[in-house]
Amino acid sequence: MSLDPKFLQYPKRRHGMDHDRYAWSMLESRAPIAWPEGKPLALWINVCLEHFPLDAKGEGFKVQGSMTMPYPDLRHYTLRDYGNRVGVFRVIEALRAAGLFASFAVNGEVAQRYPALMQRIAGAEILAHGWNMDHVHFGGLDEARERAWIADTMAVLAPHAPGGIRGWLSPARSQSQNTPELLREAGFGWCSDWVNDELPYRFETGNGALATMPLPQELEDRFVIGENLHAESEWADQCIDAADFLLAEARALGAGRMLALNLHPWVIGHPHRIRHLERVLAHLAGIRAALWNANPSAIVDHAAVL
């Protein structure tokens with residue numbers, strides 16, 4: 001029985017991409033990028049400050065880290081809350097001790113609940129990280145509701161970012177079919193939900209182009225430790241291996257590379273884990289001469305993808 005020809009009739013069936021979101025592009029065939037001062041490796045460290053509601057509805061789906069036990073799931077709720085009360089300050093101190101800095105992806109509800117924390121990160125670049133970790137942007141979400149969520153998030157975060165907020169990271173990296181258009185409509189310049197590259201690239205929307213700034217999930221503390229169930233020491237080894245490989249590749253090819261690390265204080269900020277983050281940061285500090293530790297918007301601007 002042969003396949004009906006109608007299954008092969010797709011208006012965007014062609015060589016390369018089957019959509020118009022971004023152009024066909026292989027890393028090895030791109031023009032080499034040069035970071036400031038000839039540094040071979042750009043470094044972006046991001047810290048996620050998240051609120052997981054105790055009464056999570058799970059509309060669309062429940063994100064990793066959401067409540068799993070019958071209400072009130074205080075065991076998991078308080079562990080997530082620990083990150084904003086205790087863990088984040090250890091992460092900030094570890095960064096300071098290593099002479100490195102990070103951006104912060106912040107849920108709008110965190111800014112409401114922890115004004116003192118927002119004062120503590122004053123001066124850092126802030127990414128909008130959605131309203132909270134139960135406001136998931138999923139396929140089929142009503143467009144008006146999603147637009148309101150984005151607007152509410154921006155409204156509460158804007159006072160803490162005098163220079164403006166340019167970047168967005170969706171809760172659980174999830175998008176609806178309308179999210180890119182709504183982000184561009186709201187004035188965002190770049191988004192970090194897609195992980196299909198290691199360098200910034202241009203992403204088309206119906207409201208104009210966005211930049212995509214990849215934030216690798218494969219090196220994320222929560223993903224490696226919490227989902228892949230690797231030991232903290234193994235996570236640290238993977239981060240260090242990635243840094244060394246990317247630096248060697250950049251030097252060998254004469255083309256800039258980027259290392260991006262995404263941290264969660266409710267995971268890595270515990271007493272039994274923080275030393276592994278300190279080991280990663282100490283290693284990065286040791287190759288500081290080859291690193292351009294920059295804010296993500298600065299990296300996007302320098303990559304000139306728009």
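The values are calculated or read from the model by the stated rules, or taken from the named source; none is laboratory data. Just so it is clear, the model here is predicted, and its values are computed rather than measured. Glycine also receives a Cβ, built like all others from the backbone with ideal geometry; neighbour counts cover every protein chain displayed. Ligands, DNA and RNA are stripped out before the accessible areas are found, and what is left, the full protein with its side chains, is counted by its heavy atoms. Shrake-Rupley method; radii C 1.70, N 1.55, O 1.52, S 1.80 Å.
Might you let me know whether region 39-51 holds any residue that is over 30 Å from residue 245 (Cα atoms), surrounded by 18 or more Cβ atoms within 10 Å (Cβ to Cβ) and modelled with pLDDT of 95 or more? Within region 39-51 (the criterion being over 30 Å from residue 245 (Cα atoms), surrounded by 18 or more Cβ atoms within 10 Å (Cβ to Cβ) and modelled with pLDDT of 95 or more), the answer is yes, since at least one residue qualifies. Of all residues in region 1-25, those being open to solvent by 50 Å² or more (accessible area, probe 1.4 Å) and either closer than 30 Å to residue 108 by Cβ or modelled with pLDDT of 90 or more (or both) number 1.
Cβ-Cβ contacts under 8 Å between residues 6 or more apart (or on different chains), taken from a first residue in region 251-273 that is modelled with pLDDT of 95 or more to a second residue that is part of a strand (DSSP E or B) and among the aromatic types (Phe, Trp, Tyr), are listed as 258/44; 259/44; 260/44; 261/44. Regarding residue 197, is this residue of a type outside the set (S, T, N, Q), touching a helix residue (DSSP H, G or I) at 6+ places or on another chain (Cβ under 8 Å) and open to solvent by less than 10 Å² (accessible area, probe 1.4 Å)? The answer is no for residue 197. Taken over region 267-285, the criterion of being surrounded by fewer than 20 Cβ atoms within 10 Å (Cβ to Cβ) and closer than 17 Å to residue 49 by Cα is satisfied by 270, 274. Among the residues of region 88-140, those identified as in contact with a helix residue (DSSP H, G or I) (Cβ under 7 Å, 6 or more places away or on another chain) and either without any contact (Cβ under 8 Å) to a residue 12 or more places away in the chain or closer than 20 Å to residue 60 by Cβ (or both) are 108, 128, 129, 130, 131, 132, 133, 135, 136, 137.
Note on region 60-84: among residues that are touching a residue at least 60 places away in the same chain (Cβ under 8 Å) and surrounded by fewer than 13 Cβ atoms within 10 Å (Cβ to Cβ), the one that is farthest from the chain's Cα centre (by Cα) is 61.
Taking (1) among the hydrophobic types (A, V, I, L, M, F, W, C); (2) assigned to a loop (DSSP other than H, G, I, E, B); (3) under 18 Å from residue 66 (Cβ atoms) in turn, residue 122 satisfies each apart from (3). With respect to being outside any loop (DSSP other than H, G, I, E, B) and either on the phi > 0 side of the Ramachandran plot or not acidic (Asp, Glu) (or both), residue 45 fits the description. Every condition in (1) farther than 14 Å from residue 305 by Cβ; (2) surrounded by 20 or more Cβ atoms within 10 Å (Cβ to Cβ) is met by residue 203 except one, and the failing one is (1). Selection of region 134-184 for residues being in a helix (DSSP H, G or I), open to solvent by 60 Å² or more (accessible area, probe 1.4 Å) and within 18 Å of residue 213 (Cα to Cα) yields only 184. Region 189-306 holds helices (runs of 4 or more DSSP H) entirely within its bounds, and those carrying 3 or more residues that are of a type outside the set (A, V, I, L, M) and on the phi < 0 side of the Ramachandran plot map to 232-253, 274-286, 296-303.
Each residue in region 252-266 was checked for being open to solvent by 10 Å² or more (accessible area, probe 1.4 Å) and within 15 Å of residue 224 (Cβ to Cβ), and 1 pass.
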